[in-house]
Amino acid sequence: MKKTVLLSAAVVLLLASCKETDLPLIGGSKTLNDTTYVASAETPQTHNVLLEEFTGCSCSNCPAAHDVINTLLTTYGGQLIPIGIHPKNFPQGDPYPGSVYDFRTDAGTAIGTQIYGGITGMPEGGIDRVVYGTGLQLTKDKWPAAIAARTSVASGVNLYVSSHYNAASATDTIAVTIAYTQANSTNQNINVAIVEDSLYDLQEDQNLTVDSNYLYTGVFRDLVTSVPSGDAILPSVSSKEAGRVVKLYYLYKVSTKVLFNPRHCRVVAFVTDASTGTIDVLQTTQAPFVGN
């Protein structure tokens, strides 16, 4: 099966390819030439864990949570993929007075409100959007055990993403491949996000002083797919057999929203369960925004 969706016109900004340049962050996306076919079922991948951390520049306890994440990354490496979401509707998510950046996004706020039912504290985070105890949101002391429990799950889905950025036209082509390693009769969604590393700005710390050169990594910048739940994966096929492969393509166009540095960005893709009553993340992967 193959479908084509026409792209809407967008403003094209020219870049100098010989140096890194801050650009307005992307606005809007369209799929093009999506395909599906059946092949031999692949060997299941190791499960990568998604950590969605709700954080803020005015949150004095958030640097301690970032330290926890850095320790976990030392343990799990690329098997852990953290995203730092700065919501608009929680006071500590606000930029500290005098900040260079405003990391808050409408898409991140919608994730907090509609996926997580509203942010109840900060720092808190979700692990693979799985309910632990009474809810999705966990304090930082509970992250290690929750992540450890998710590293060995068998989701039945392999996931690949690649990103090819054209500096001259300021567009990015993102290719996502979903390969089912076992039969699945439920619905799934694909989510594609842009995160940025190597950002320095003001951050309040636990002593209520301000670090004027704080390093931010994995900052959530935008959601390429539909906000906040992503796009349905092959909704015309109710049951995906083992060996079913779905390839999706997104053209990510530059707009005038937020400045970002393409060479410091990553594309994070993850598949979620879209059946009634569960939104578990089945698999997550990532690739540099500026690909080959």
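The values are calculated or read from the model by the stated rules, or taken from the named source; none is laboratory data. None of these values were measured; they are calculated from a predicted model. Positions of Cβ are generated from backbone atoms using ideal geometry, with glycine treated the same way; all protein chains shown enter the neighbour counts.
Worth pointing out:
- Residues located in segment 194-216, provided they are within 20 Å of ASN261 (Cβ to Cβ), of a type in the set (S, T, N, Q) and either buried (at least 18 other Cβ atoms within 10 Å of the Cβ) or out of contact with any strand residue (DSSP E or B) (no Cβ under 8 Å at 6 or more places or on another chain) (or both): GLN203
- Some residue of segment 48-60 being more than 21 Å from PRO228 (Cα to Cα), among the polar types (S, T, N, Q) and surrounded by fewer than 19 Cβ atoms within 10 Å (Cβ to Cβ): yes
- Residue within segment 62-85 that is in contact (Cβ under 8 Å) with a residue 40 or more places away in the chain and assigned to a loop (DSSP other than H, G, I, E, B) present: no
- Qualifying residue in segment 22-43 (condition: under 18 Å from the mean Cα position of the chain (by Cα), basic (Lys, Arg) and modelled with pLDDT under 90): yes
- Hits in segment 141-173 - residues which are over 15 Å from LEU80 (Cα atoms), among the aliphatic types (A, V, I, L, M) and surrounded by fewer than 15 Cβ atoms within 10 Å (Cβ to Cβ): ALA154, ALA168
- Verdict on THR134 being surrounded by fewer than 18 Cβ atoms within 10 Å (Cβ to Cβ) and within 22 Å of SER226 (Cβ to Cβ): no
- Residue ranges of strands (runs of 3 or more DSSP E) in segment 172-244 with at least 3 members under 28 Å from VAL153 (Cα atoms): 188-196, 219-223
- Of all residues in segment 38-54, those that are on the phi < 0 side of the Ramachandran plot have Cβ atoms under 6 Å from Cβ atoms of residues that are at pLDDT 95 or above and among the basic types (Lys, Arg), 6 or more apart or on another chain, in VAL38/ARG244; VAL49/ARG150.
- Residue that is nearest to PRO44 (Cα to Cα) [pool: residues in segment 234-250 that are modelled with pLDDT of 95 or more and of a type in the set (Val, Ile, Thr)]: VAL245
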